[in-house]
Amino acid sequence: MSALIAKFYPMLIVDNLSRFIFWAILLFGALIAVYSFRFMKEKEGLAKYYLYLIFTIIASLGVVLSNNLILLLVFWGFLGFTLYSLINIEASASATAKKTLIIVGGTDTLMLLGIAIIWNLSQTFRIDQMRIALDQPIAVFAYILLACACFAKAGALPFHSWVPDCAKDAPLPVVALLPASLDKLLGIYLLVRLSLNIFVMNNAMNLFLMIVGAVTIVAAVIMALVQHDLKRLLGYHAVSQVGYMVLGIGTGSLIGIAGSIFHMLNNAIYKSCLFLTAGDVESQTKTTDLDMLGGLAKFMPITFAGALIASFSISGVPPFNGFVSKWMIYQGLVERIAAQKTVVISVLCLLAAMFGSALTLASFMKLIHAAFLGTEGAHKKVSEVHWTMWLPVMILALLCAVFGIFAKQIPLNKFVFPAVGAGEFVGFWASSWATLLILFGILIGFLIYFLGNTKGLIREDNNYIGGGAVGQDERVSGVDFYNAIRELKFFKYLYKKEEGKYFDIYEQGKNLLGFVGKLFQFLHNGVLPTYLVWALLGTAVLFLTLIR
Amino acid sequence: MIFFNYFIFPGFLFTAVIGMLASWVDRKVTARVQWRQGPPWYQSFADFIKLLGKEVIVPRQNRRLFLVAPLLALASVTVVATLLGRSMLRPQESFLGDLIVVIYLLTIPATALILGASASANPLASVGASREIKLVLSYELPFLLSMAIVILKSGGLIRINDIIRYQMVNGSILSSASGAVAFVAAILCMQAKLGFVPFDMSEAEQEIMAGALIEYSGAPLAIFKLTKQMLLVVLPIFLISLFWANNLSVMWVILKYVILLVIIILIKNTNPRVKIDQATRFFWGPMTVICIIGVILALIGY
């Protein structure tokens, strides 16, 4: 494989970083394809769907292997087009598809401008020959332009608004493949390349990344807390998790960067797992409205197990994989504090990241309660999904556990450290030992269970309140868990602004365009002679300039 | 050696016994404050054994998760007890995990309680779970801020044994102004983590009938109670090792533990239960402001 790619040098190149992302893309592509067989069965335009799916995977592999910025841009732009087409498979999603295309395509244009500046600075397009110092304003400008493209692809603030919309409207396997896994892998891959290979980072740029990351984490997760739709909630978390990766790269220390690459991989695993479980729920109950759901764990135990493990993982519950990568990112920040580098901002970012993690836990407790536990919802009786739909979920959940418990042995030593170099751990976490001890703790509990109750007798009974059976009207759904927080003054204001699409760069851009359009509206009065006069005047000015 | 540490001392057995005794002290003092006689010293053990013998009734929903949730809580508290105990006994080596690991492990008991309550599918349990998770969100912000002060004061150390050794050489973090502020905040967060009055709204007996625990009976209930009692040891020890570890001889540790226990009981007996939104406002308002002042003090070197 590597030999084949080496033939195309200097157009293509493969190193340790691109190699493991290459295999990750293939893994996710394969899992989602298996999942789609059953999920997409009754949809129309399947030939188109699978064609675009294959195109997407090929283009993603192209991005990862490109050593030429123009080639990378071509693949990158093509991905925007396949994303648009894939969202469009769902007939009702055309507005979302348009929004996505405009945000992603618009930032691609910024990237083109950035590449032009890079050519001007370094006279080459070859990534392996670039080391541009960020000492002049024009270089900083180029870096920011390219970073914007990464942010839009991965979904960091302020280019995030397409992700939650897309999560709600697009066909589910598309969401699980693109915004949840591949787009994260690629966006962060390019950001790492930018920060490690193409440019030489300085402290100011690191701070810029850290602040973008910290704001993304907290802002997106606060929005996720109050969502009523399962898929939209997951979409906001898909945005929030990007914050950790950007923050990790921003720390500029080896351990932080390694943590952020590990988090990228972990996020792709648990986030696509979560979206696939949402798909299971959708295909069985025909709804993802959390108000309607409830008590699904009894009917869909395998899906529930997958969702629970992935929720633990994303909330950073030890010993799962999400914890390890977050912990590494925190260490990058602690390293900055120890070295007295911009201590105030480092402390603020550390707090934002850790508190964001608590908010994530809260948000997923709500999800688990509202969809899978609690009293039964208004949906009809359901059964477990077909095996092609739970198998990918189980594989991903298993990866969550294995990558967490054997973090140092498997993912870090095999994939992450060879790619960016091994950092020195500031903290200490013996994950395999701790897992063993936790298992022993559970064993102690089991022994206590049998100590008193030697016959193992357990009686099942219905729930009662005040002597009566629990009725549907007494049901407490998890959806309203955070209404008390919503009523706090500051949050009330924030949520109102968000619902008015105040933070949506797409809506703001639309308003700006409308305003500019209005400025020139008086010229377009529909009277032909007016247009002719303008055209003649224009030609006259043109001639005058050319002749002179 | 690790297994001895885990199962006997300072892990499961030791923490459980001390926790039950501490819980008796709490009950006795509370009783005396209220002009009652109070239970004998072995009351917690008797309660535990009696609960084990009772029939286990589970609701018809999600029986597996309902029974596993208490075990998760017990396991995580035992791991933290072992980790802290060993770091205190042998501060020259790191064991199992650092400060961040402990912070995360200490959220598991609350998570397990919420999962167990949700699995029982009782509406009152859901109300309890919702209050518990909001309480976690509320106290986590000042709690993390006070941990940040520890990291700042110790110059960027996050291994627990390093923090202890730092204090043995340089004096306790509590003795600095910012450390004292953080310590006060951490004590109030500990009260909420323990689920004691005034922050016991998730188990409010009078209004939602023990809330999150409403469907629990027999051995699973005994394990949840045991976890709470073990937390009554683990959390004060955690604060001692972070803020007050200048002298860790046995007598001093016992004295410091008793002082913290007295503070917990005093707060418990002099306050009424607050509503959940009051708790959120308290922790995100005044407490956070105080902690931010503490961080600023730490940054300018006090």
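Descriptive notes on the structure:
- Screening residue A:59 against (1) under 23 Å from residue A:400 (Cβ atoms); (2) open to solvent by less than 40 Å² (accessible area, probe 1.4 Å); (3) not aromatic (Phe, Trp, Tyr) leaves a single unmet condition, (1).
- Among residues of the stretch A:24-50, those that are surrounded by fewer than 17 Cβ atoms within 10 Å (Cβ to Cβ) and in a loop (DSSP other than H, G, I, E, B), counted: 5
- Within the set A:508, A:472, the sole residue that is of a type outside the set (A, V, I, L, M), at pLDDT below 85, open to solvent by 40 Å² or more (accessible area, probe 1.4 Å) and farther than 30 Å from residue A:95 by Cα turns out to be A:472.
- Hey, residue A:136 modelled with pLDDT under 90, out of contact with any Leu (no Cβ under 6 Å at 6 or more places or on another chain) and over 22 Å from residue A:204 (Cα atoms) or not: no
- Checking residue A:14 against (1) outside any loop (DSSP other than H, G, I, E, B); (2) open to solvent by less than 70 Å² (accessible area, probe 1.4 Å); (3) closer than 27 Å to residue A:111 by Cβ, the condition it does not meet: (1)
- Scanning the stretch A:442-456 for residues that are more than 7 Å from every other protein chain (Cβ to nearest Cβ) and either at pLDDT below 75 or over 17 Å from residue B:75 (Cβ atoms) (or both) yields A:454, A:455, A:456.
- Within the stretch B:88-97, the set of residues being facing another protein chain (nearest Cβ under 7 Å) and either among the aliphatic types (A, V, I, L, M) or surrounded by fewer than 24 Cβ atoms within 10 Å (Cβ to Cβ) (or both) comprises B:94, B:96.
- Which numbered condition residue A:477 misses (of (1) in contact with a helix residue (DSSP H, G or I) (Cβ under 7 Å, 6 or more places away or on another chain); (2) open to solvent by 60 Å² or more (accessible area, probe 1.4 Å); (3) not assigned by TED's automatic domain parsing to the domain that holds residue A:337): (2)
- Odd one out for residue A:423, checked against (1) buried (at least 19 other Cβ atoms within 10 Å of the Cβ); (2) without any contact (Cβ under 8 Å) to a residue 60 or more places away in the chain: (2)
- Of all residues in the stretch A:298-332 being assigned to a helix (DSSP H, G or I) and open to solvent by 10 Å² or more (accessible area, probe 1.4 Å), the one that is nearest to the other protein chains (Cβ to nearest Cβ): A:298
- Subset of the stretch A:168-211 [touching a strand residue (DSSP E or B) at 6+ places or on another chain (Cβ under 9 Å), assigned to a helix (DSSP H, G or I) and either of a type in the set (Val, Ile, Thr) or in the same structural domain as residue A:139 (by TED's automatic domain parsing) (or both)]: A:168, A:198
- Residues that are touching a residue at least 60 places away in the same chain (Cβ under 8 Å) and within 7 Å of chain A (Cβ to nearest Cβ) were ranked within the stretch B:98-118; the one that is farthest from residue B:212 (Cα to Cα) is B:98.
- Tabulated pairs, the stretch A:38-59, first touching a residue at least 40 places away in the same chain (Cβ under 8 Å), second open to solvent by 50 Å² or more (accessible area, probe 1.4 Å), C-beta under 6 angstrom, 6+ apart or interchain: A:38/A:386
- Within the stretch B:155-186, the set of residues being open to solvent by 10 Å² or more (accessible area, probe 1.4 Å) and either closer than 21 Å to residue A:333 by Cβ or of a type in the set (D, E, K, R) (or both) comprises B:155, B:157, B:159, B:162, B:165, B:166.
- Test: residue in the stretch B:54-63 that is part of a helix (DSSP H, G or I) and within 12 Å of chain A (Cβ to nearest Cβ): yes
- Subset of the stretch B:138-176 that is in contact with a helix residue (DSSP H, G or I) (Cβ under 9 Å, 6 or more places away or on another chain) and not in a helix (DSSP H, G or I) - its residue that is nearest to residue B:292 (Cα to Cα): B:176
The values are calculated or read from the model by the stated rules, or taken from the named source; none is laboratory data. Predicted, not measured: the structure shown is a model, and the values here were computed from it. Positions of Cβ are backbone-derived with ideal geometry, glycine not excepted, and every protein chain shown enters the neighbour counts. Protein only, heavy atoms only, side chains kept; ligands, DNA and RNA dropped before computing areas. Shrake-Rupley method; radii C 1.70, N 1.55, O 1.52, S 1.80 Å.
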